[in-house]
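Bear in mind these aren't lab numbers, they're just calculated from the coordinates by the rules spelled out. Every value quoted in this text rests on a predicted model; they were computed, and no experiment measured them. Virtual Cβ from ideal backbone geometry, glycine too; neighbours counted across all protein chains shown.
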């Protein structure tokens with residue numbers, strides 16, 4: 001007992017002494033280290049400047065020139081500059097951007113943030129994921145840091161970097177609102193990061209980075225409802241992992257082969273009706289779907305043996321199939337369950 | 001034991017008091033037990049942001065169609081000027097509680113005859129305009145008989161970095177005080193064509209109509225910008241807002257306090273943005289800056305030894321990325337002040353001290369003499385004052401002035417600058433004869449004093 005109490009006293013004394021020292025340190029610290037350490041500390045947590053400095057130099061402005069078809073009101077076609085952003089992926093000069101930025105253009109220019117400008121070559125593009133790869137011949141290029149192992153989670157802070165309206169490089173901040181299972185612009189590709197960091201016209205193709213400045217996605221577009229009105233605060237990016245795979249294929253083969261059966265669908269149908277399936281709204285003439293006997297108003301419930309719950313899911317399934325694959329399709333017509341086999345073709349460019 | 005307890009309580013006091021100061025208002029990285037919030041900072045800062053409502057009359061000019069002049073006769077006025085009453089809403093920031101000084105945008109109080117300032121707690125005060133600067137869109141008001149006002153702490157916008165968290169406080173759409181958060185999207189934004197002098201902080205914090213003149217603050221609650229404009233094709237916010245940096249605002253406000261007007265300093269250089277191509281061609285080791293193509297003879301720049309071909313890359317240690325940024329920086333600093341310019345010449349960086357001269361740039365001539373209404377005068381390089389622009393059929397045109405005329409003297413006394421011209425005309429009463437040089441010929445034009 002005696003032993004115990006003396007141990008306790010020793011313990012209390014030493015802890016007490018330690019605390020006194022700690023108190024002195026804490027009280028005195030502001031006087032000798034105030035401005036330096038506190039300032040640095042608060043800067044670290046009140047700013048994403050570190051992330052910006054790492055990532056922003058590798059985000060480029062893209063100016064592409066193409067012909068615009070004449071309309072009834074303006075019969076002549078005209079050549080116009082289109083605006084976009086891109087991300088330098090490696091020191092060889094490969095740049096990821098959005099397909100719609102460089103679609104149907106004959107001249108592409110890339111401007112770095114340090115003022116350098118280069119003519120760029122289009123290596124390949126994939127309409128389905130709205131991605132394209134460019135290449136510039138340049139040295140000492142800033143390269144974007146890529147996401148190491150961290151998973152993208154809903155609620156993560158993200159920074160979008162691009163050149164909206166050509167006013168100059170702009171950083172916007174938001175959070176990941178959702179990941180995966182979202183219908184994007186192309187009304188087809190579904191595996192997108194949804195976020196509320198603002199991207200505007202011209203920022204497409206730019207970088208989405210995390211708070212460490214690592215690339216987690218290629219900014220894509222804003223949400224447009226069926227009525228064509230944009231929703232504020234709903235924007236999309238193609239996840240880095242998918243973009244990297246597409247880039248690799250484009251560099252190696254010049255294109256990404258996508259499966260195609262030739263149906264159009266109502267993307268919102270399953271949500272509204274809370275039914276599991278896809279309502280076909282149109283079948284392209286001479287398409288694989290037409291040859292297999294599918295018709296508008298058929299209600300697809302399974303493709304290739306897998307049940308489909310939503311339009312994006314079904315379209316991903318088709319797009320991921322090799323051309324030539326025979327897919328068994330189950331559907332309802334006039335409340336009768338039917339089956340047919342569709343031979344997947346290649347998505348026309 | 002008691003002593004230990006006392007120590008413990010001391011420790012507790014110390015740690016509790018030190019925590020809030022170390023992490024004041026950090027929105028996303030707070031303690032796990034604590035909700036991340038800006039509320040403590042905002043409680044202190046928001047009383048310094050006020051609503052401004054104005055009433056006034058604005059001139060609406062209507063051109064009379066030529067066809068109608070037939071009915072009204074040859075002597076009918078070419079323009080009909082009508083006054084229309086208007087009301088406006090905006091925001092403002094109290095920067096000096098004791099004196100009642102409120103900063104806002106010039107476009108909020110432009111043409112206002114009555115200005116009402118409403119504090120966050122509902123108290124209302126009349127305010128008067130101390131001075132405005134149209135070219136940078138800054139105005140300074142004074143609250144009449146204000147008591148118990150809260151002022152905002154002024155921050156240094158020069159220390160701001162892209163990616164810093166910021167909070168916009170204002171009164172959008174007259175809804176009442178509204179706080180929005182975002183980050184600094186870009187710095188030194190210029191060349192947008194919103195104001196003549198632009199050096200904006202760009203932010204994605206939502207700014208809307210009515211936010212104009214409101215505060216952009218850091219997480220420490222320090223004022224680093226006056227929210228001024230947005231880019232929004234449909235009029236609403238799309239995440240691109242612009243604020244006048246606090247350093248620039250403060251420079252202008254100090255001049256407004258002292259003189260009631262901005263006495264802009266003039267450097268006396270012409271030029272453009274340095275581009276990569278120019279940099280390469282001239283072997284300049286930087287890609288961004290203000291490229292000097294011409295130095296006005298006799299100007300402060302010439303006196304300080306700045307030469308054409310120089311690239312100005314910093315002002316008082318602050319990086320300059322474009323010529324318009326240099327213009328905005330110099331334009332917000334009063335004449336007579338000294339600046340340290342970082343200049344690249346022959347591939348080497350050197351530092352040049354310049355004392356800014358007084359403004360002597362183009363002015364509307366009406367302010368010099370009523371008979372000169374319709375002419376815009378600009379200083380030449382010491383040879384007189386040039387009629388830069390002339391409105392057709394204006395009083396100035398009717399007395400015989402033409403565009404390109406150079407006013408070289410008043411009643412045979414030579415004038416070489418706008419200020420000399422102004423002084424010479426103010427001295428005279430009755431008939432004033434201007435010595436004009438037009439091309440190779442000279443002539444006299446006579447002004448008659450209205451009074």
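Tell me the relative contact order for segment B:168-309 as a rounded percent, counting alpha carbon contacts under 8 Å between residues six or more apart.
Numbers: 260 pairs, mean separation 22.3, N = 142.
Dividing the mean separation by the residue count of segment B:168-309 yields 16 percent.
For segment B:153-259, what are Rg and Dmax over the alpha carbons, in angstrom?
Rg then Dmax for segment B:153-259, in Å: 13.0, 40.
Can you work out the FRET efficiency for the pair residue B:358 and residue A:325, with r the C-beta to C-beta distance and R0 = 60 Å, to the nearest 0.05?
On the way: r = 80 Å, r/R0 = 1.33.
Here the calculated transfer efficiency is 0.15.
For a quick check: sort B:136, B:158, B:322, A:287 by the number of other beta carbons within 10 angstrom, fewest at the front.
Numbers: B:136 26, B:158 15, B:322 22, A:287 18.
Taking fewest neighbouring Cβ atoms as first place, the list is B:158, A:287, B:322, B:136.
When only alpha-carbon atoms count, how far does segment B:265-358 stretch along each of its three principal axes, as whole angstroms with the largest first?
35, 23, 20
Quick one: length gained pulling residue A:109 to residue A:92 fully straight, 0.36 nm per residue minus the C-alpha distance? Write down the numbers at each step before the final one.
Numbers: separation 17, 0.36 × 17 = 6.12 nm, distance 1.67 nm.
Answer, rounded to one decimal: 4.5 nm.
Considering every residue in B:159-167, what mean count of other chain Cβ atoms within 10 Å of its Cβ is obtained? Intermediate results must be reported in sequence, preceding the final value.
On the way: counts 2, 2, 7, 12, 15, 6, 5, 2, 0.
Per residue, the average neighbour count from other chains is 6.
Suppose we look only past 15 Å in the calculated P(r) of segment B:363-448. What percent of the Cα-Cα pairs does that tail hold?
On the way: 1839 of 3655 pairs.
That fraction is 50 percent.
For segment B:80-187, I need the span (max minus min coordinate) of the C-alpha atoms along each principal axis, in Å, sorted largest to smallest.
Cα spread of segment B:80-187 along its principal axes, largest to smallest: 48, 40, 27 Å.
Provide, in order from the shortest bin, the percent of all Cα-Cα pairs of segment B:280-335 in each 10 Å bin, continuing until the bin that contains the maximum pair distance.
Answer for segment B:280-335: a P(r) of 22, 55, 22, 1 percent.
Distances over 15 Å make up what percent of all Cα-Cα pairs in segment A:259-346? Mind dumping the intermediate values first?
Working: 1985 of 3828 pairs.
Everything past 15 Å amounts to 52 percent.
Please sort B:401-409, B:145-153 by packing, taking for each peptide the average over its residues of neighbouring beta carbons within 10 angstrom, highest first.
Numbers: B:401-409: 18.7, B:145-153: 15.3.
My ranking of the peptides, most packed first, is B:401-409, B:145-153.
Considering the Cα trace of segment A:64-213, what is its radius of gyration and what is Dmax, both in angstroms?
Final numbers for Rg and Dmax: 16.3, 53 Å.
Within 10 Å of each Cβ in A:317-330, how many Cβ atoms from other chains are there, averaged over the peptide?
Mean inter-chain Cβ contacts per residue within 10 Å come to 0.
Looking at the square roots a ≥ b ≥ c of the eigenvalues of the Cα gyration tensor of segment B:210-335, which shape do they give, rounded for a/c under 1.5, prolate if a/b is larger than b/c, or oblate? Don't skip to the answer; put the middle values down first.
Values: a/c = 2.39, a/b = 1.43, b/c = 1.67.
Taking the square roots of the gyration eigenvalues as a ≥ b ≥ c, segment B:210-335 is oblate.
When B:113, B:46 are ordered from fewest to most other Cβ atoms inside 10 Å of their Cβ, what list results?
Working: B:113 9, B:46 20.
Neighbour counts put them in this order, fewest first: B:113, B:46.
With an 8 Å cut-off on Cα pairs and a minimum separation of 6 or more residues, tell me the relative contact order of segment B:265-358 in percent. Let's see the in-between values first.
Numbers: 213 pairs, mean separation 30.5, N = 94.
Dividing the mean separation by the residue count of segment B:265-358 yields 32 percent.
Could you work out, for segment A:79-168, what percent of all Cα-Cα pairs fall into each 5 Å distance bin, beginning at 0 Å and stopping at the bin that holds the largest distance?
In order of increasing distance, the bins hold 3, 12, 22, 22, 21, 12, 6, 2, 0 percent.
Give the separation of the Cα centroids, segment B:217-257 to segment B:373-451, in Å.
So the two Cα centres are separated by 39 Å.
Any chance you could run the full-extension gain for residue A:78 through residue A:346? It's 0.36 nm times the residue separation minus the Cα-Cα distance, nm to one decimal. Mind dumping the intermediate values first?
Values: separation 268, 0.36 × 268 = 96.48 nm, distance 3.18 nm.
The span from residue A:78 to residue A:346 would gain 93.3 nm if fully extended.
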